[in-house]
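Only one structure is covered here, and it is reproduced in the block below.
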Amino acid sequence: MLKRIQVTFICLLISLSALAQQPQKPNASEIYESIKKLNFLGSVLYVAAHPDDENTRLISYMANEVKARTAYLSLTRGDGGQNLIGPEIRELLGVIRTQELLTARQIDGGEQRFTRANDFGYSKHPDETLEIWNKNEVLSDVVLAIRQFQPDIIINRFDHRTPGSTHGHHTSSAMLSVEAFDLAPNKAQFPKSVNEFGTWQPKRLFFNTSWWFYGSQERFEKADKSNLIGFDIGTYYPSFGLSNTEIAALSRSQHKSQGFGNTGTRGSQMEYIELIKGDMPSDKTNLFEGIDTSWNRVKGGEAIGNLLKEVETNFDFKNPSASVPKLVEAYTMIQRLEDEHWKTVKTKEIKNIIGACSGLYLEAVAETNQATLNETVNLSLEVINRSDVPMSLVSYTNPNGLHVNKGISLNNNNILSLDETFNIASSTDKEIITTPYWLTKKGTLGMYNVTDESLIGKPETPDYFNVVFNLGINGITIPFTRPVVYKTNDPVKGEVYKPFEVIPEATVKIDEKVIIFNSDIVKEIPVIVRAGHNNLQASVELCVPENWNVHPKNEEISIKNKGEEQMVVFKVIPPKNQSEGFISPIVTIGNNQYSDELIELDYEHIPFQTVLMPSESKIVRLDIQKTGKNIAYIAGAGDVVPESLQQIGYHVATLNPSEITTENLSRFDAVVVGIRAYNTVEELKFKQEVLFDFVKNGGNMIVQYNTSRGTITDNIAPYKLELSRDRVTDEFAEVKFLEPNHPLLNYPNKITQKDFEGWTQERGLYFPDNWSKEFTPILSMHDKGESPKKGSLLVAQYGKGYYIYTGLSFFREFPAGVSGAYRLFANMLSIGKDTIEPNQSLKN
């Protein structure tokens, strides 16, 4: 219970909820910390490659102790990793991890930025990374981030001098940062961003080193540290009731899709940074030495600084509104600054502080969370001044840009409620359909395609519909912008916020993303149409590849209510021979056609997300044979193996650890263990004897990849088996058959080189590199310039059954509909079985 209270407290502490749409309600201590930050004019940019690479301890320290404006530039959105909380991978996983980063920054006090680089998966060398990414475009994005954010100090998470020693994305992020440090002040480089933001020269560039980069704590202690700066980041914040490292742990724990829950620590803790470029501060306790971080930094800032220092000194924790008159005075002075960068940054900060000091509550709530083009939406406005500061609503501007004069006094704690409407009109210059901006156009393997250059670097699509409340305070009119939101009451959660979204008038989906035809029998494919508005009249058709047939050609539908769904069933007739392609549904309404699926991501730790993606499914006419019928599946970190095996005719039952008993297992021909199960399912260490007895008695056990660190038992196999970090990231890497006559390559399906064509992202990962003589390695493969890796598929007979360990990435290949992966997995399940299931496939 204590832990839950602490998490709740820190979320309140930072004045931000995990639901980004919820209004901020800071307390007096939080306001005071914001005022201190208002008086610091210095910036730090932290640079790395992925969500979770960032050092949250250092980001929190810079933001909360130093009071610097601090941002994390993650070159990718983490699309290439695994998902421990749900089935989403690739682009959808990138959306989840984007929001996890934003939630983390809300806790540690930082800001978040990205480039257009796509996380295409593990890379062993920056040469490969930068070729796939398009180095020049990603470099331009890093330079853009520097020119926009204007950091005085840049800190790299990784070492640019060690290519090939770690993930290629990691080293590349540091290499690009070092190069961008020199290019950002050069007018001749990337002139588009020069024209908009000017040039910028950071003062210093550091590498955030640690003992880990030296190989051991002992080596680090003996190393020459003359070029290092060390400082204690274990600061305790009395106004927060938490240490810096506790805040950092809460921040890092938001990376839930990666299983990075982190326990907070307390006490002194050293952090080190190594100077890479720029001059070393003579005072190593002051990273900003030689940089004026006071208001004297900007022309006309001295008077602002003096005034705001007075506000900070005289702040009344019992009556924060007493600071409002001088804050408003400072606001007017900031508006006269010539320095546009600091004018913009500090205007935003001081408006938030003025609103917080006066207990200002502004909200624009739509009657619905989703609407379509040309729809009129009712809006409820709420304005409350919860202070004695004289204030009035001078006017407001509605989401269509209509200016409405009001001139209404806002007395202390009196609610002003207003009704408004606006129309979702089409825009000629912007795409207003709600979806992540980087997914609206098809990109490449390594790059997202962002057509609106003004969005490059932004963490998410900006709110398109806003209300601007113009408030009169002490004779000065100050605009406060609030996005249109939707809120409702949940019987369990209470008040729940969702973003207001614009969706197409119809969306369409096929639930199964891969559909396997293991015979030439017709399959019925359900297509689900969702109405974006009432009284939807449409025609639906299903496009299929050449040599495939579909019936009917189209179907008329009528949907009465917005949000309601209607199913249309099409019969798809496969060809006689092996074939594959894609099917896509199309909904026609008048002259408009719609073929996108509306995907909703609803996780409690991040804001509700809506993503529009092209609706298509891969169909495969598969030449496959199999033996055995009943498969037990033990879930690990999450994959679609059970659904995939059902597609080819197996009966699959998912077992909880408590259900792994001798009696239960006796019903099955084989047991399949999900990816990373021995990293994530603690109870499995108590079930190994039962599982091994199952194999001994004639069952087959297939264990998919686990990471080499953090396994819950050293005995994941009945014989000696040691995991390593060996992996083959080139999905086109040659595969050699070490035992061409082995049953795994011949029965019941003859496996050939063709079965390793069309693999996606990688061959496999975390292969064993040491095993007992009982194991037979089946395949050999390797990345360019490396030694052969023989641990991707190992099989051993144990008693009457077979134990198989595989690091091959079936969890990626099945969702991609790779036919060879299905055929090989069927052989793994069938080994030792004699009877081929009838009427399941063509004969080889």
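The values are calculated or read from the model by the stated rules, or taken from the named source; none is laboratory data. These figures come from a predicted structure and were not determined experimentally. With ideal geometry, Cβ positions are generated from the backbone for all residues, glycine too; neighbour counts draw on all protein chains shown.
Could we say that F120 is touching a Phe, Trp or Tyr at 6+ places or on another chain (Cβ under 9 Å), within 30 Å of E340 (Cα to Cα) and not charged (D, E, K, R) here? Taking the combined requirement at face value, the residue does not satisfy it. D141 - would you say it is outside the structural domain of G446 (by TED's automatic domain parsing) and in a helix (DSSP H, G or I)? Yes: the conditions hold for D141. Search segment 518-530 for residues being over 24 Å from E88 (Cα atoms) and in contact with a strand residue (DSSP E or B) (Cβ under 8 Å, 6 or more places away or on another chain), and hand back the single one that is modelled with the lowest pLDDT. Going through the qualifying residues, I end up with D520. Hey, among the residues in segment 250-270 that are within 27 Å of the chain's Cα centre (by Cα) and either hydroxyl-bearing (S, T, Y) or part of a strand (DSSP E or B) (or both), which one's nearest to F206 (Cα to Cα)? Ranking the qualifying residues of segment 250-270, first place goes to S251. Within segment 452-474, restricting attention to residues that are of a type in the set (D, E) and part of a loop (DSSP other than H, G, I, E, B), the residue that is farthest from the chain's Cα centre (by Cα) is D452.
Selection over segment 389-407 of residues that are without any contact (Cβ under 8 Å) to a residue 24 or more places away in the chain and either loosely packed, with under 13 Cβ neighbours inside 10 Å or more than 41 Å from the chain's Cα centre (by Cα) (or both) gives a count of 6. Scanning segment 776-807 for residues being within 17 Å of A717 (Cβ to Cβ), touching a Pro at 6+ places or on another chain (Cβ under 7 Å) and surrounded by fewer than 23 Cβ atoms within 10 Å (Cβ to Cβ) gives a total of 2. Looking only at segment 588-613, residues that are under 13 Å from T435 (Cβ atoms) and free of Cβ contacts under 8 Å to residues at least 40 places away in the same chain come to 1 in all. Kindly evaluate E604 against the criterion of being out of contact with any His (no Cβ under 7 Å at 6 or more places or on another chain), among the charged types (D, E, K, R), crowded, with 18+ Cβ neighbours inside 10 Å and on the phi < 0 side of the Ramachandran plot. So E604 does not fit the description; no. Restricting attention to segment 548-574, the residues being surrounded by 15 or more Cβ atoms within 10 Å (Cβ to Cβ) and in a loop (DSSP other than H, G, I, E, B) number 3.
In this structure, does E246 turn out to be acidic (D, E) and not in a loop (DSSP other than H, G, I, E, B)? When the stated conditions are applied, E246 passes them. Across segment 475-484, not a single residue is classified as closer than 28 Å to G581 by Cα, surrounded by fewer than 21 Cβ atoms within 10 Å (Cβ to Cβ) and more than 30 Å from the chain's Cα centre (by Cα). Out of P743, P788, P748, one residue alone is under 34 Å from the mean Cα position of the chain (by Cα) and in contact (Cβ under 8 Å) with a residue 40 or more places away in the chain. It is P788.
Against the numbered list (1) more than 23 Å from G80 (Cα to Cα); (2) assigned to a helix (DSSP H, G or I), I804 comes up short only at (2). Of the set (1) touching a His at 6+ places or on another chain (Cβ under 6 Å); (2) not assigned by TED's automatic domain parsing to the domain that holds I132, all apply to T76 but (2). Restricting attention to segment 766-775, the residues being farther than 28 Å from K833 by Cα and either surrounded by 18 or more Cβ atoms within 10 Å (Cβ to Cβ) or at pLDDT below 95 (or both) number 1. Restricting to segment 328-365, count the residues that are among the polar types (S, T, N, Q), part of a helix (DSSP H, G or I) and in contact with a Lys or Arg (Cβ under 9 Å, 6 or more places away or on another chain). Adding up the residues that qualify gives 0.
Out of segment 490-523, which residues are more than 30 Å from N591 (Cβ to Cβ) and part of a strand (DSSP E or B)? Of everything in segment 490-523, those that are more than 30 Å from N591 (Cβ to Cβ) and part of a strand (DSSP E or B) turn out to be D490, G494, E495, V496, Y497, K498, V514, I515, I516, F517, K523.
The set of residues in segment 739-763 that are among the β-branched types (V, I, T) and crowded, with 20+ Cβ neighbours inside 10 Å contains only I751. Across segment 700-734, the qualifying residues are those that are surrounded by fewer than 19 Cβ atoms within 10 Å (Cβ to Cβ) and assigned to a strand (DSSP E or B), and the one among them that is farthest from the chain's Cα centre (by Cα) is E722. Based on what the data block shows, is T368 buried (at least 16 other Cβ atoms within 10 Å of the Cβ) and part of a loop (DSSP other than H, G, I, E, B)? It is false that T368 is buried (at least 16 other Cβ atoms within 10 Å of the Cβ) and part of a loop (DSSP other than H, G, I, E, B).
Pick from T115, T103: which is under 23 Å from H341 (Cβ atoms), hydroxyl-bearing (S, T, Y) and at pLDDT 95 or above? Matching residue, one of T115, T103: T115. Cβ-Cβ contacts under 8 Å between residues 6 or more apart (or on different chains), taken from a first residue in segment 271-297 that is free of Cβ contacts under 8 Å to residues at least 60 places away in the same chain and not assigned by TED's automatic domain parsing to the domain that holds K225 to a second residue that is acidic (D, E) and outside any loop (DSSP other than H, G, I, E, B), are listed as N296/E302. With respect to the conditions (1) in contact with a helix residue (DSSP H, G or I) (Cβ under 8 Å, 6 or more places away or on another chain); (2) free of Cβ contacts under 8 Å to residues at least 60 places away in the same chain, F480 lacks only one, and its number is (2).
Which one is nearest to N592 (Cα to Cα), of the residues in segment 371-421 that are of a type in the set (A, V, I, L, M, F, W, C) and assigned to a loop (DSSP other than H, G, I, E, B)? Filtering segment 371-421 for residues that are of a type in the set (A, V, I, L, M, F, W, C) and assigned to a loop (DSSP other than H, G, I, E, B), the one nearest to N592 (Cα to Cα) comes out as L373. The number of residues in segment 199-215 being surrounded by 15 or more Cβ atoms within 10 Å (Cβ to Cβ) and closer than 19 Å to E340 by Cα comes to 3. One residue alone among R266, R336 is loosely packed, with under 15 Cβ neighbours inside 10 Å and at pLDDT below 95, and that residue is R266. When F220, F206, F181 are checked against the criterion of being closer than 21 Å to M280 by Cα, at pLDDT below 95 and either outside any loop (DSSP other than H, G, I, E, B) or assigned by TED's automatic domain parsing to the domain that holds S282 (or both), a single residue qualifies: F220. Restricting attention to segment 640-692, the residues being in a loop (DSSP other than H, G, I, E, B) and surrounded by 15 or more Cβ atoms within 10 Å (Cβ to Cβ) number 13.
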